[in-house]
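Just so it is clear, none of the values below were taken in a lab; they were calculated from the coordinates. None of the values given here were measured: they were computed from a predicted structure. With ideal geometry, Cβ positions are generated from the backbone for all residues, glycine too; neighbour counts draw on all protein chains shown.
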Amino acid sequence: MPTDFRQHTLVNGLTVIAEIDPAGHSAAAGFFVRTGARDEAPSLMGVSHFLEHMMFKGTADLSAEAINQAFDDIGASNNAFTSNEITCFYAHVLPERTGTVVDLLGRMMRPALRQDDFDTEKGVILEEIAMYKDNPFWVLYEETVERYYAPHPLRHRVLGTSDTVGQMQSGGMRGYFQNRYSADNTVVALAGRVDFDAVVAQLEALCGGWQNTGATRDAHRPKTNAGSFTMRDERVARAYMLGLADAPDGNDPRRYAATLASQVLGGPDNSRLHWALIETGAADETQAAYDGHEGVGEFFVFASCDAERADEVWGVVERECRGLSDSLEEDDLAKLRAKLLTSVTLQAERPMGRMMRLGRQWTLQHEYTPLETELERIAAVTLGDVRETLAAFPIMPKIAGRLLPGEGTPA
């Protein structure tokens, strides 16, 4: 998959990057804004996600219907997402439509933010929040993260809460938008068959007037909290248990070892927790994973089972966490390295996957790592590397929460 990496920064600070494949049969483009729930004031929790919705409600000269129709007219596969750290708007099209989709995305990035649209969309988001309250895993995960990171803004819920969204005013959203959606806080990533120079010229005309605000983020590792708690809900019929532990940050070279260690512990198949809990019938679901952020990372471990077996199952989880490093074998890593290498390579088969990798990487790591280099780093992880990573960051839950049947509130 030979590609040519290009990078250009406009005078106002907007960065344009691309992996160009002259033989590609499609092209992908995305606007990545380095902003998310961790950048919000507590009273504006959920504003990043709210803004994602508002981008599709129209500009001063484009209605919501016109935006949707324009994407349809060019056959684009388009969407957006918000996380703790990034808000992204993207589309995948045929190469000859690249200019059109860049123009459409760029114009969307300066929305009208009309009051009537704000009021209507607030109701949509409140319904979305209510929907997630019916998901036991999500309820427990958000509560655990909030307690783990408090008072740091990484505790913030991406959707916000019914209170923060319900009380949010459009003026607060506009202020957040003007500060965070600046040229110097945005990256435009492209991949596939793209005329890079033409897109740069287009973006200079389209986005050259965007302001540079010097938006920043505190990326220092925050202090995390230890403890345990129990929530009860009469709508829940089973026990849900989740723990978090400190892990390498998303820019730490040890992130590859952390990923492999978490998959040995709780990958979907053939992992320690799978054999100890699923194959024995003790639990109906279990998993472990690594999540790296800018400046910090965490491991999470999860299991669900009959409420009567909660103590037994969590005891097994802790046992497997304690014994993970000593139980590691080269065969474990060989299999998982192969799966991870395959997954990363398959994602990069299409311009959309390459564009997403490129945009996330530059936005959070502020540098370009070729796919081939990343594959080499994954392949080079040794048993010693994983054990050293686990010595520095044991996957032993520092905070543990339970959601159990019955009435009650977090305790």
Students often forget the sequence filter, so: which lysines lie under 30 Å Cα-Cα from K339 once same-chain residues fewer than 8 apart are removed?
K398
Here, segment 103-232 modelled as identical Cα point scatterers in vacuum has Debye log10 I(q)/I(0) at q = 0.18, 0.21 Å⁻¹ of -1.16, -1.25
Quick one: length gained pulling A307 to Q167 fully straight, 0.36 nm per residue minus the C-alpha distance?
46.7 nm
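Could you line up H156, H220 from fewest to most neighbouring Cβ atoms inside 10 Å?
Lowest count first: H220, H156.
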Computed over segment 200-293, Cα set: Rg, Dmax in Å
21.2, 62
Length released on extending from Q115 to A41, taking residue separation times 0.36 nm less the Cα-Cα span:
24.5 nm
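Quick check on the chain: what does the Kirkwood estimate of hydrodynamic radius come out to from the alpha carbon pairs, in Å?
It works out to 22.8 Å.
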Taking every pair of Cα atoms in segment 227-405, average 1/r, invert it to obtain the Kirkwood radius, and report Rg/Rh to two decimals.
1.00
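Around N212, what is the net charge, scoring Lys/Arg as +1 and Asp/Glu as -1 over all other residues with Cβ under 14 Å from its Cβ?
Details: positive: R34, R180; negative: D184.
Counting the neighbours of N212, the net charge comes to +1.
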Taking only the alpha-carbon positions of segment 95-137 as identical scatterers, the Debye log10 I(q)/I(0) at q = 0.16, 0.17, 0.20, 0.34 Å⁻¹ comes out as -0.68, -0.70, -0.74, -1.04
Debye log10 I(q)/I(0) for segment 1-66, one point scatterer per Cα, at q = 0.17 Å⁻¹:
-0.93
Theoretical gain in end-to-end length, E234 to E128 [0.36 nm per residue, Cα-Cα removed]
36.0 nm
Decide, for segment 143-299, between rounded, prolate and oblate: order the square roots of the alpha carbon gyration tensor eigenvalues as a ≥ b ≥ c, take rounded if a/c falls under 1.5, and otherwise choose prolate if a/b is larger than b/c, else oblate.
prolate
HN-Hα J couplings of segment 118-133 from phi, Karplus 6.51/-1.76/1.60, θ = phi - 60°, integer Hz, Gly and Pro as x?
4, 5, 5, 6, 4, x, 4, 5, 4, 5, 5, 4, 4, 4, 5, 5
Simple SL model, points at 7 angstrom along Cα→Cβ for R217 and E367; separation in nm is 1.7
Measuring from label point to label point, each 7 Å out along Cα→Cβ, what is the A392 to D331 span in nm?
3.0
Once the Cβ-Cβ distance between Q7 and A60 is put in as r, and R0 is 35 Å, what FRET efficiency do you end up with, to the nearest 0.05?
0.65
If we sort 312-321, 293-302 on the protection proxy, mean other Cβ atoms within 10 Å, highest first, what's the order?
293-302, 312-321
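Mind giving me the FRET efficiency for E96 and L341? R0 is 51 Å, r the Cβ-Cβ distance, nearest 0.05 is fine. Don't skip to the answer; put the middle values down first.
On the way: r = 34 Å, r/R0 = 0.66.
The calculated FRET efficiency here is 0.95.
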Leaving out same-chain residues fewer than 8 places away, which lysines sit with a Cα under 27 Å from that of K57?
K122, K133
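Grab the DSSP H runs of the chain that are 4 residues or longer, score each as -39,500 (n - 2.57), total them, divide by all residues and round the 222 nm result to the nearest 500 deg cm²/dmol.
Numbers: 14 runs with 172 residues, N = 411.
That calculation yields -13000 deg cm²/dmol at 222 nm.
I need the GluC sites (Glu not before Pro) found in segment 138-244, filtered to DSSP loop residues with at most 15 other beta carbons within 10 Å of theirs. Each step should come with its number before you reach the end.
Values: sites: E142, E143, E146, E204, E234; in loops: E234.
When the GluC sites (Glu not before Pro) of segment 138-244 are filtered for loop state and at most 15 Cβ neighbours within 10 Å, E234 remain.
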